[in-house]
Amino acid sequence: TPDVAAYALWLGDDALVLAQQLGWWISRAPELEEDVALGNIGLDVLGHARSFLRYAGTADGRSEDDLAYWRDEPAFRCAWLFQAPNGHFGDTIARQLVASAFQLELYRRLAGSADPALAAIATKSVKEVAYHLDHATQWILRLAGGTELSRERIERSLTDVWPLVDELFRDEPVIDRLEGIAVRPSTLREPVLGRIQAILDAADLAMPQVAPSMAGGRRGMHSSRLGYLLAEMQVLARAHPGASW
Amino acid sequence: TPDVAAYALWLGDDALVLAQQLGWWISRAPELEEDVALGNIGLDVLGHARSFLRYAGTADGRSEDDLAYWRDEPAFRCAWLFQAPNGHFGDTIARQLVASAFQLELYRRLAGSADPALAAIATKSVKEVAYHLDHATQWILRLAGGTELSRERIERSLTDVWPLVDELFRDEPVIDRLEGIAVRPSTLREPVLGRIQAILDAADLAMPQVAPSMAGGRRGMHSSRLGYLLAEMQVLARAHPGASW
Amino acid sequence: QAAQAQFDRIIDADGRIEPRDWMPAAYRKTLVRQISQHAHSEIIGMQPEANWITRAPSLKRKSILMAKVQDEAGHGLYLYSAAQTLGIGREEMTDQLIAGRARYSSIFNYPTPTWADMGAIGWLVDGAAIANQVPLCRASYGPYGRAMVRICKEESFHQRQGFEILLELSQGTEAQHRMAQDAVDRWYWPSLMMFGPPDDESPNSAQSMAWNIKRFSNDELRQRFVGMLVPQAEVLGLTLPDPNLAWNDETGAYDMSEIDWTEFHEVLAGRGPCNAQRLQHRRQAHEDGAWVREAAHAYAATQATTEQVAA
Amino acid sequence: QAAQAQFDRIIDADGRIEPRDWMPAAYRKTLVRQISQHAHSEIIGMQPEANWITRAPSLKRKSILMAKVQDEAGHGLYLYSAAQTLGIGREEMTDQLIAGRARYSSIFNYPTPTWADMGAIGWLVDGAAIANQVPLCRASYGPYGRAMVRICKEESFHQRQGFEILLELSQGTEAQHRMAQDAVDRWYWPSLMMFGPPDDESPNSAQSMAWNIKRFSNDELRQRFVGMLVPQAEVLGLTLPDPNLAWNDETGAYDMSEIDWTEFHEVLAGRGPCNAQRLQHRRQAHEDGAWVREAAHAYAATQATTEQVAA
């Protein structure tokens, strides 16, 4: 149904934009092991994006590439968190911590969805996301417990990304029409924040206390970053309409 | 003639790409005075670009916007120097030093071109470029004579941009067909490098000793940076073919 | 007391207070708050528009936009200078801004997702700013009033450019027209909120009016602004998103829907879409530039010493 | 002397030298140079392709490309490990690379202006690399040979993907076909130069062959590579840019135009299009990441201490 497709777009766009950003790191990471690790995470996330987008496209016969390359910015449905810039490594890790904690709880619950396709994608993805969260956690511990500089930086990275956390837990009207199929975002607030809290506790970091952003990604109102990201991502495909690759 | 148009494209594309990069700085400069100064320089350079492109377009009826927004990367003719990334402020200043010294000598000579349109654009631009060079010079002096860190950085910025200097002085076949109209690039080497040498001497900096890049901008073979820059610059115009703004 | 009497005389005669004149502490404080807030607004206000400089759809528009955003940096400079005459340093104001302890106009916490926002900001946001600021050209504090004269002249130029952008879009392709209407829909109410809360909820206004810093009430200015927009919207062929907007012959003013202040207060409280982003952007520029400013200071100090030795 | 004899016996029997075995200093030095050069090539070789990750024209291609570039990081890791068994640290090798004192394959100093370069690099550059590297799987130094086995397996996968990219382009739109041919035109000669100078100008080859590090001469490998390309080019529907390329029944080999080594030597001397850019990119990543590596070390040290104290 269009509602299920709309929901699959949320998850697909979140993952697509995150994968696009992670891909940038390959050849630029702090050490080769991280070129490999961030590349792996990016690949996993891109795989999730493709599954969700393919499924979303079945509603009206669009392919994953139609959806990724031929929609304009207002048609995207990703939350602002995933649009947060790569920044430095700490910024990327802070974003990844929240993203992975969110996706982990979301996919775990979605694995029990009444929609078998969504359930299947979620079931397949949940193990990978658990690894991503572990990767982010290890780095949170290292950066928080490393040098004075690294601790300062990761604290600030967390504070900077924090205004975008609240949007992840906001219900939109479409969710009401997907009882038993979608995971109600507001029900994820507690488990996701609980998980993050435990990690921050282990790193002896405080949960940032900052005002949330209104954001608006689920309604197609995006942060400044997305336009640039899409311009780059779509430029080649759009220069050759109708071509296959 | 097509040859004159081709030459006007060189100069127009150099200026366009430089202006596009300088525009990024507005709202991001180290101090408000520099938001204003880099903005002014960018505006001047954009003005030069528009003049050269308009003139280049008269050869086949294309407008400045046709040329700026609807050519693909291989049709651009800018030298690699102008494509060098903004980097940090020192990188931008190092690029600007070379660019302005080059354009100053070039425009001074071009003011005497047998082509009245080129001569007129050059005459109008030369005073502005002299100010740009002065601005870059002041910053070279400040950064070289400021702190240990700033000296280290500007030295490296100069070294990093240096491989791209040689291309500016390479003659291409089209130049042979424009005797008296174009300025032969090879004849600019001595005055431009002399000017830069004097500035570096005043700042007690050595001329970098590094191998030149083959580059290839005049033949449409560009550095990696240009594709990204064009994707961003052209994205909106291309999303609305035929629209006017 | 003699000083206070002298101050009062100048105010009563609608004259100008200059930096060296005595002034009440509260007057100074009010001015510092207002001028620095205004300066910060210019600086933060660069961001929503700078967002489109590299993507402007024609070279002419790119040039106009660069000039405009750069003008805003210039306005910030005048205003910081005016505030400095009251004894506060630019660094202190910058630190307050970056630390999130200073206010700036909430309107700049909205994103600018489309090019049409460049038009809507010029027409509506600059328009509202001018309506607010023209009376400030006669503000009793001299340096502020003089800065505003210069600023207002440029702002009205910016407003006309915004109008032109929207006109071009409105008369352009269908997609462009939609883009223009969408931007007007998004910016109309926030621009009306720029005049501040209704008069009966604006506690500081009375004192500012007595001091000749403020000349008209929030609601008066808002009403005047709407009166200006209505005929212009007709020319543009765009609709103002208020179904109740209508001229009322009886009151001699426009009837309008009640403003929903909930979102305004949310944004003011730091929960707008881009509050954090705006401060992060400013902080980043400031921190990235620290080594450059330090170098400039060190160099200036060395030069000064060298000149002294030479003298 | 006994050690030397033992070493010679292993080499003569085409056996494997292992890290703990005695080896001649020159053998060790040759290997360190070759393996680290090879490792650096993998690392620098990530850049020309990483350039298209964010712009790959379909999600499938993006995924394949990300996996490929990431594989190259993995190859770099194996090879640095193999070099480390010879007593040189990764940091030392990295420092040499960034300082411009280490060699890597010159081919990566060319830019990748179009998507078709992803195909040409896979087909031609990886193809040449495989032709060079397959014999290295039997290199006399154990860790190197074993690393090469793993790498060659992945490389031949990459080559097939490159071939597929070109095939899709060649059979696609006219613009795509042109893009593919242009890329093959640009990469063909540089890929042939990857086998090194002609045999009569390759002074180090003889010793390397005696040590069973090198198995075939440069010209032999080049000839074999061209023999592989010709039928594949036909399948692709693309032309190899050598008008003199033809099978010669008499010599039982392909005739080809003489290679113009001028450009090769220019690139080798640091004057290729992207030499400086490649090192700047690597240096930037290394320096930007310094605080992260320091944090990781500091954290590991603290953890070790904590565990000791706990024990």
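Quick notes
- Of the GluC sites (Glu not before Pro) found in the range A:134-235, the ones in coil according to DSSP and having at most 12 other Cβ atoms within 10 Å of their Cβ are A:179.
- Grouping the Cα pair distances of the range A:79-206 into 10 Å bins from zero gives a pair-distance distribution of 13, 41, 31, 12, 2 percent in increasing distance order.
- The range D:56-160 - Debye-derived log10 I(q)/I(0), Cα point model, q = 0.11, 0.17, 0.23 Å⁻¹: -0.40, -0.93, -1.37
- Among the listed pairs D:62/D:214; D:29/D:153; A:124/D:60; C:62/C:214, those with a Cα-Cα distance over 25 Å are D:62/D:214; D:29/D:153; C:62/C:214.
- Take residue D:268, push a point 7 Å out from Cα through the beta-carbon direction, and compare it with the same point in every other copy: 7.4 nm, smallest first.
- Counting only Cβ charges, +1 for Lys and Arg and -1 for Asp and Glu, the dipole size of the range A:1-133 around its Cα centre is about 300 debye.
- Projected area averaged over orientations for the protein assembly as shown, convex hull of C-alpha atoms, nm²: 54.8 nm²
- With only the Cα atoms considered, chain D has a convex hull volume of 167 Å³ per residue.
- Computed from the C-beta positions of residue D:239 and residue D:101 and an R0 of 35 Å, the FRET efficiency is 0.30 to the nearest 0.05.
- For chain A, the fraction of C-alpha pairs farther apart than 32 angstrom is 17 percent.
- Computed from the Cβ-Cβ distance with R0 of 35 Å, the FRET efficiency linking residue C:265 to residue C:209 stands at 0.90.
- Across the range B:1-153, the relative contact order, built from alpha-carbon pairs under 8 Å that are at least six residues apart, equals 23 percent.
- P(r) tail fraction, the range A:144-235 - alpha-carbon pairs more than 18 Å apart, %: 60 percent
- Within the protein assembly as shown, percent of DSSP bridges classed antiparallel, to nearest 5: 75 percent
- Residue C:220 label point (Cα plus 7 Å toward Cβ) to equivalent points in the other copies: 9.8 nm, shortest first.
- Distance from the range B:58-120 to the range A:209-244 (C-alpha centre basis), Å: 31 Å
- Counting all C-alpha pairs of the range C:1-110, share separated by more than 24 Å (%): 41 percent
- Expected-Rg normalisation [2.2 N^0.38 Å, Cα atoms] applied to the range C:86-144: 1.45
- 3J(HN,Hα) along the range A:44-55, derived from phi through the Karplus expression 6.51 cos²θ - 1.76 cosθ + 1.60 where θ = phi - 60°, amounts to 4, 5, 5, x, 4, 4, 5, 4, 5, 5, 4, 5 Hz, with x in place of Gly and Pro.
- Of the GluC sites (Glu not before Pro) found in the range D:239-292, those in coil by DSSP whose Cβ has at most 10 other Cβ atoms within 10 Å are D:250, D:258.
- Near residue C:299, once Lys and Arg are set to +1 and Asp and Glu to -1 for all other residues with Cβ below 13 Å from its Cβ, the sum equals -1.
- Cut-off of 10 Å, at most 11 other beta carbons, DSSP loop: longest stretch of chain D lacking such trypsin sites (Lys or Arg not before Pro): D:102-311
- Distance to the A-onto-B rotation axis is smallest for one chain A Cβ; residue and value in angstrom are A:231, 3.
- Cα Rg over Rh - the range B:1-57, Kirkwood: 1.14
- Taking only alpha carbon atoms, the range C:194-305 gives an Rg to Rh ratio of 1.20, where Rh is the Kirkwood radius.
- Amide hydrogen neighbours beyond the local backbone of residue C:141, cut-off 5 Å, H modeled: C:17
- Long-range HN-HN contacts of residue D:253 with modeled amide H, under 5 Å: D:248
- Label-point gap, in nm, between residue A:3 and residue B:120 - each point 7 angstrom along Cα→Cβ: 6.7 nm
- Among residues of chain C, the one whose Cβ lies closest to the rotation axis carrying chain C onto chain D, together with that distance rounded to whole Å, is C:288, 7.
- With its label point defined 7 Å out from Cα along the Cα-to-Cβ axis, residue C:19 lies at 7.1 nm from the matching points of the other copies, in increasing order.
- For the range A:25-105, a Kirkwood hydrodynamic radius built from all Cα pairs, placed in the Stokes-Einstein relation at 20 °C and 1.002 mPa s, yields a translational diffusion coefficient of 150 µm²/s.
- Relative contact order of chain D, defined on C-alpha pairs under 8 angstrom at six or more residues apart (%): 18 percent
- Surface/4 estimate of mean projected area, convex hull on alpha-carbon atoms of the range D:131-275, nm²: 10.4 nm²
Read-outs: derived from the displayed coordinates by stated rules, not from any lab. A quick note: this is a predicted structure, and the numbers were derived from the prediction, not measured. A quick note on method: Cβ atoms are made from the backbone with ideal geometry, for glycine too, and the neighbour counts reach across all protein chains shown.
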